[in-house]
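To keep things clear, I will list the structure first and then write my remarks on it.
The values are calculated or read from the model by the stated rules, or taken from the named source; none is laboratory data. Keep in mind that this is a model prediction, so the values were computed, not measured. Quick reminder, even Gly has a Cβ in these numbers, built from the backbone with ideal geometry, and neighbours come from all protein chains shown.
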């Protein structure tokens, strides 16, 4: 953590005494004061289906630690009356595939979500077949698939978080917690947003759109990519581009290349000349926590995150973000690649926001 961010976090703590703090989870689904751990064990009651292990202990002893979610159903994880700010969100599930579970967040009674992403991708873990740890400042995934984030999510009137099970199997266990404080929200505070997209790029157009259609004023704060390299050899030469406030053909910000944007150099290799194997790494603001290389002939799986926490990208009217998919042809010539890329973009903006594209169905979501 940098001295700037450390001082900002720790420097605020002495001035937060007496804040109204609440937490919603299965033991206190409303977050109300004195509302947790109220029930007597009764595994015959669907509401207390997980209370069997507490039968010999009685009320208050881990009677309702989890919920279940049937196939095709949506659970409301949190429904909070504002004003306030969510400070921590943590969740895990017994589902084998997190791409079947979709997180949505709504602020101030809006009709369309400000956050919409598969559960794993929201926490920078987009490959169900390759679960991995994430050790960063705003997002942490601990063994095994304990997904937590510390994105600050203010709301003025209302906050609602839902989880949908789009899979064919019931999810027996979902554990979660939403920790928040109730307080006034400054007039200039923006709302948290996250959007998921996936595409198969082509040699004719080797570019994936990370975010498009954003209108309003705000800050771009993070990118996560679940990148399946389908081609042989090196895959990360493409540039990340930010089209700001009316940019059309040419962006205002163009990063050097994929590896550079995510904090790497010389191909993420252990040694560019002697050992050309991508090396996984985690850091507070940048990381590649998964580098499942297998064979250089592909396919290979890479998880990459970049959090713009002290270097956020501001926009006043609109925003579009893209990444190219480029490798090398012989003769030191860039090669357009057909790659399978899924992205989650994170940003803050004033409401209302433009409705997101229709969320992909299960078949369009899959990435192997």
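Structural remarks
- Selection count where residues are touching a strand residue (DSSP E or B) at 6+ places or on another chain (Cβ under 6 Å) and either modelled with pLDDT under 95 or over 19 Å from residue 68 (Cβ atoms) (or both), scope segment 26-48: 3
Okay, residues lined up against (1) in contact with a helix residue (DSSP H, G or I) (Cβ under 6 Å, 6 or more places away or on another chain); (2) within 18 Å of residue 159 (Cα to Cα); (3) without any contact (Cβ under 8 Å) to a residue 40 or more places away in the chain:
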| position | (1), (2), (3) |
| --- | --- |
| 12 | no, no, yes |
| 21 | no, yes, no |
| 26 | no, yes, no |
| 43 | yes, no, yes |
| 58 | no, no, yes |
| 66 | no, no, no |
| 76 | no, yes, no |
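- The set of residues in segment 175-194 that are over 17 Å from the mean Cα position of the chain (by Cα), farther than 29 Å from residue 144 by Cβ and in a strand (DSSP E or B) comprises 181, 182.
- Qualifying residue in segment 222-229 (condition: assigned to a loop (DSSP other than H, G, I, E, B), surrounded by 16 or more Cβ atoms within 10 Å (Cβ to Cβ) and in the same structural domain as residue 195 (by TED's automatic domain parsing)): no
- Screening the candidates 197, 172 for the property of being at pLDDT 95 or above, buried (at least 16 other Cβ atoms within 10 Å of the Cβ) and assigned to a strand (DSSP E or B) yields one hit, 197.
- Applying the set (1) free of Cβ contacts under 8 Å to residues at least 40 places away in the same chain; (2) touching a strand residue (DSSP E or B) at 6+ places or on another chain (Cβ under 9 Å); (3) farther than 23 Å from residue 293 by Cα to residue 142 leaves exactly one unmet item: (3).
- Here residue 111 qualifies as closer than 29 Å to residue 366 by Cβ and either surrounded by fewer than 17 Cβ atoms within 10 Å (Cβ to Cβ) or out of contact with any strand residue (DSSP E or B) (no Cβ under 6 Å at 6 or more places or on another chain) (or both).
- Just one of the listed residues (176, 261, 224) is touching a residue at least 40 places away in the same chain (Cβ under 8 Å) and farther than 30 Å from residue 94 by Cα, and it is 261.
- Members of segment 89-98 found to be crowded, with 24+ Cβ neighbours inside 10 Å and either within 15 Å of the chain's Cα centre (by Cα) or not assigned by TED's automatic domain parsing to the domain that holds residue 173 (or both), listed by number: 89, 91, 98
- If you check 367, 335 for being touching a strand residue (DSSP E or B) at 6+ places or on another chain (Cβ under 7 Å) and closer than 24 Å to residue 128 by Cα, only one passes: 367.
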